[in-house]
1. Whole number in Å², please: accessible area per residue of the chain, 1.4 Å probe, ligands, DNA and RNA not counted.
2. When all C-alpha to C-alpha distances in the range 44-136 are sorted into bins of 10 Å, what percent of pairs does each bin hold, rounded to whole numbers?
3. Label points 7 Å out from Cα along the Cβ direction at Arg93 and Glu60: separation in nm?
4. Which whole-number percent of Cα pairs in the range 95-187 have a distance greater than 24 Å?
5. Report the charge-dipole magnitude of the range 12-144 in Debye, nearest 20, computed about the Cα centre from +1 at each Lys and Arg Cβ and -1 at each Asp and Glu Cβ.
6. Work from the charge dipole of the chain (Cβ charges, +1 for Lys and Arg, -1 for Asp and Glu, about the Cα centre) and give the residue of Trp52, Asn104, Asn144 farthest towards its positive end.
7. Compare the peptides 26-33, 74-81 by average per-residue count of other Cβ atoms within 10 angstrom and give them in order, highest first.
8. Choose one answer from Leu43, Leu53, Leu157: the residue with the largest mean-square fluctuation in a GNM of the chain with alpha-carbon springs under 10 Å.
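The values are calculated or read from the model by the stated rules, or taken from the named source; none is laboratory data. Nothing here was measured: the structure is a model prediction, and the numbers come from that model. Using ideal geometry, Cβ is built from the backbone for each residue, glycine included, and neighbour counts are taken over all protein chains shown. Please note that ligands, DNA and RNA were not included when accessible areas were found on the heavy atoms of the full protein model with its side chains. Shrake-Rupley method; radii C 1.70, N 1.55, O 1.52, S 1.80 Å.
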Amino acid sequence: MTGSDGGDRCAWHGGLEDYQLYHDEEWGLPMANDIRLFEKICLEGFQSGLSWLTILRKREAFCAAFAGFDFDVVAGFGDADIERCLADKGIVRHRGKIVSTINNARRAQELKAEFGSLARYFWSHEPSASERPAIVTSEAIAANPTTPVSVRISKDLKKRGWTFVGPTTVYAFMQAMGLVNDHIEGCMCRGRIEDMRRNFVRP
């Protein structure tokens, strides 16, 4: 899709200003900040069954409800916090997903204790070139909502007690955090993200 600035981009942002800003400035950038990684995987879990735009537009409220997604804080949430979140009209009021976020915060603490950081764990699963399509097209992405790597991460996280981390959710997280570059060929952001990935210091 050609934007108002004349730049060609992946079409999924639909020309919506806030969605295009997310596409241009955040989606796919390689990320190693544990708090932001936890936020991303939790929001992808909340997105399950909904549109990402819905979650994006509620993001500020989600951050307020879940202490900025500081998993050390969220791990201490109790029943009163669950009820508070259920009463919060600014977020998706789904008890299972709220409880899952608290559970996953505790699992994130365990993962950090074992690997040193969430970033080190997730980046250890970065797909090799042979596990990636030779050319990233919208058709290739649509045909592969999961990948062998997302299936492996999903299975491992579930064994560790994480919830709402199915392979489709995990792959969306991989795309968002820059573990893969799924800006399609011809997108004005693809080359910039590739440069960032080349210069990115893996944890």
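1. Working: 9650 Å² over 203 residues.
So the chain comes to 48 Å² accessible per residue, rounded to a whole number.
2. 15, 38, 29, 15, 3
3. In this crude spin-label approximation the distance works out to 2.1 nm.
4. On the way: 1047 of 4278 pairs.
Within the range 95-187, distances greater than 24 Å cover 24 percent of Cα pairs.
5. Details: 15 positive and 20 negative charges, 77 e Å.
Using only the charged Cβ atoms, the result is roughly 360 debye.
6. Checking the options against the dipole of the chain, the answer is Asn104.
7. Values: 26-33: 18.4, 74-81: 14.2.
The packing order, highest mean first, is 26-33, 74-81.
8. Among Leu43, Leu53, Leu157, the largest mean-square fluctuation in the Gaussian network model of the chain belongs to Leu53.
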